[in-house]
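Asks: If you scroll down you'll find the structure; I have some questions about it.
The values are calculated or read from the model by the stated rules, or taken from the named source; none is laboratory data. For clarity, every value in this text was computed on a predicted model and none was experimentally measured. Methodologically, a virtual Cβ is constructed for each residue, glycine included, from the backbone with ideal geometry; neighbour enumeration extends over all protein chains shown.
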Amino acid sequence: MTVRPHGYARYRLDGCRCYICAHARSQYDDNRNRAIAYGTWQPWADAEPVRTHIRHLQSCDMGLRSIAAAAGVDRKRLQGIVTGRPERGTGPQTQVRPALAAAVLAVEPTLDNLGAATVINAAGTTRRLQALVAAGWPQHHLAVRLGMTDGNFGTTLRRDHVVVRTARAVRGLYDELWLADPREHDVDTQAYSRARNHAVAERWAPVGAWDDDTIDDPAATPNLGEASDRYTAISEDALWLIEKQGYTREQAAHRLGIGIRHLGRALAHHRGTEAAA
C-alpha cells in the first residue's frame with residue numbers, strides 16, 4: 001500500500017492529525033471560506049469536456065498512462081472519468097475537480113508523447129529534410145545518418161504522412177545539423193554544390209524560411225520575402241564580425257542582439273542565396 005505524503009489528503013482520507021496535515025486542512029478551509037465569501041468557489045467542473053478530450057487523445061494513439069503522465073495525474077483518475085471504476089461499482093464521473101480538468105485539457109498530442117508507430121502529417125519532417133538539402137547536405141549523407149536507404153530517403157522527402165518514430169529521428173538530425181556547414185563535416189565541395197543546386201531546382205525552402213513555431217504547421221508557408229532581406233543584413237554583419245574581427249558565432253549573435261538560432265537561420269539563408277546565384 002502506498003503511503004500518502006502528509007497534507008490535506010492524508011488528513012481527510014487517512015485520519016492523520018500531525019501538524020503538517022492539520023495545517024494543510026486549516027489552509028484549505030481558509031481558502032474555501034474566502035472563495036465562498038467572494039462568490040468564486042467552484043469545487044467541481046463538468047466532466048464531459050474532459051472525457052471528450054481524453055477520447056480525442058486516445059484517437060491519436062495516446063494511452064491513458066501516457067495522458068496521465070503528460071497531465072501529471074494518476075491514471076486511475078482518468079479511468080474514472082472515461083469508463084468509471086467497475087471494481088467499485090461506479091460509472092463514469094459527471095464532475096471533476098477544476099484543477100484536474102485544466103491539467104487534462106492542457107495535454108496536446110506531440111512528438112514527445114505520441115506512440116512511436118503513430119501516423120502523423122509529414123509536413124515538418126519533409127520540410128526539415130528539404131531544408132537540410134538546401135543547406136548543402138547530400139541526400140545520401142542524411143540517409144546514412146538516419147539509417148535509411150537512398151530509396152527510402154527519397155520517398156520520405158515527398159511523403160504526406162510518416163510515423164512518429166521517423167519524425168523524431170528527422171527532428172533530432174535537423175537540430176544537430178541545421179546550423180552546421182556541411183563542408184566542415186566531410187562533405188566535399190562538389191557534393192555540397194550538387195545538393196544546393198538540386199534544392200534550388202526543386203524550389204525547396206531553406207532553413208531560414210522556417211521558424212520553430214511554423215515548420216510543423218501544414219498550413220504554414222515559407223517566409224521567402226521580408227525575412228530574406230532581414231537575413232541578408234544579419235548575415236553580412238555577422239560574417240564581418242566572424243571573418244574580420246575573429247568573433248565566434250555566439251559572440252556575433254550577442255553583439256547583434258539576436259539569438260544563436262536566429263543567426264544560424266540568417267547564415268543558412270546566406271549560403272542558400274550564394275548557391276542560387
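Asks: Identify, by number, the condition in (1) without any contact (Cβ under 8 Å) to a residue 40 or more places away in the chain; (2) surrounded by 11 or more Cβ atoms within 10 Å (Cβ to Cβ) that Thr40 doesn't meet.
Replies: For Thr40, the exception is condition (2).
Asks: Could you tell me which residue of region 38-90 is nearest to Asn113 (Cα to Cα), considering only residues that are among the basic types (Lys, Arg) and out of contact with any Pro (no Cβ under 8 Å at 6 or more places or on another chain)?
Replies: This residue is Arg65.
Asks: Tell me which of these Glu176 doesn't satisfy, since it passes every other one: (1) assigned to a helix (DSSP H, G or I); (2) surrounded by 15 or more Cβ atoms within 10 Å (Cβ to Cβ); (3) of a type in the set (D, E, K, R).
Replies: (2)
Asks: Hey, any hits in region 182-191 for a residue that's of a type in the set (D, E, K, R) and under 21 Å from the mean Cα position of the chain (by Cα)?
Replies: Within region 182-191 (the criterion being of a type in the set (D, E, K, R) and under 21 Å from the mean Cα position of the chain (by Cα)), the answer is no, since none of the residues qualifies.
Asks: Can I ask one more? When you go through Gln93, Gln139 one by one, which is the residue that is at pLDDT 95 or above and buried (at least 17 other Cβ atoms within 10 Å of the Cβ)?
Replies: Only one candidate passes the filter, namely Gln139.
Asks: Suppose we keep only residues that are under 21 Å from Gly84 (Cβ atoms) and β-branched (Val, Ile, Thr) within region 34-73. Which one would you say is nearest to the chain's Cα centre (by Cα)?
Replies: Ile67
Asks: Does Ala201 satisfy the condition of being free of Cβ contacts under 8 Å to residues at least 40 places away in the same chain and small (Gly, Ala, Ser)?
Replies: Yes.
Asks: Something else now. Please state which one of Ala169, Ala220, Ala201 is loosely packed, with under 12 Cβ neighbours inside 10 Å and not in a strand (DSSP E or B).
Replies: Ala201
Asks: A further question follows. Considering every residue within region 26-35, establish whether at least one is closer than 29 Å to Thr118 by Cα, part of a helix (DSSP H, G or I) and among the basic types (Lys, Arg).
Replies: No - not one qualifying residue is present in region 26-35.
Yes or no, residue by residue, for (1) outside any helix (DSSP H, G or I); (2) outside the structural domain of Ala195 (by TED's automatic domain parsing); (3) at pLDDT 80 or above:
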position: Thr232; (1), (2), (3): no, no, no
position: Ala238; (1), (2), (3): no, no, yes
position: Leu241; (1), (2), (3): no, no, yes
position: Tyr247; (1), (2), (3): yes, no, yes
position: Gln251; (1), (2), (3): no, no, yes
position: Arg255; (1), (2), (3): no, no, no
position: His270; (1), (2), (3): no, no, no
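Asks: Can you pull out the residues in region 53-76 that are more than 17 Å from Val164 (Cβ to Cβ) and either among the β-branched types (Val, Ile, Thr) or buried (at least 17 other Cβ atoms within 10 Å of the Cβ) (or both)?
Replies: Within region 53-76, His53, Ile54, Leu64, Ala68, Ala71, Val73 meet the criteria.
Asks: Only helices (runs of 4 or more DSSP H) wholly contained in region 120-161 count here; list those with 1 or more residues that are among the aromatic types (Phe, Trp, Tyr).
Replies: So the answer is 150-156.
Asks: Can you spot a residue in region 10-19 that is of a type outside the set (D, E, K, R), modelled with pLDDT of 90 or more, surrounded by 14 or more Cβ atoms within 10 Å (Cβ to Cβ) and not in a loop (DSSP other than H, G, I, E, B)?
Replies: no
Asks: Would you mention how many residues in region 98-132 are touching a Phe, Trp or Tyr at 6+ places or on another chain (Cβ under 9 Å) and loosely packed, with under 14 Cβ neighbours inside 10 Å?
Replies: Number satisfying all stated conditions: 1.
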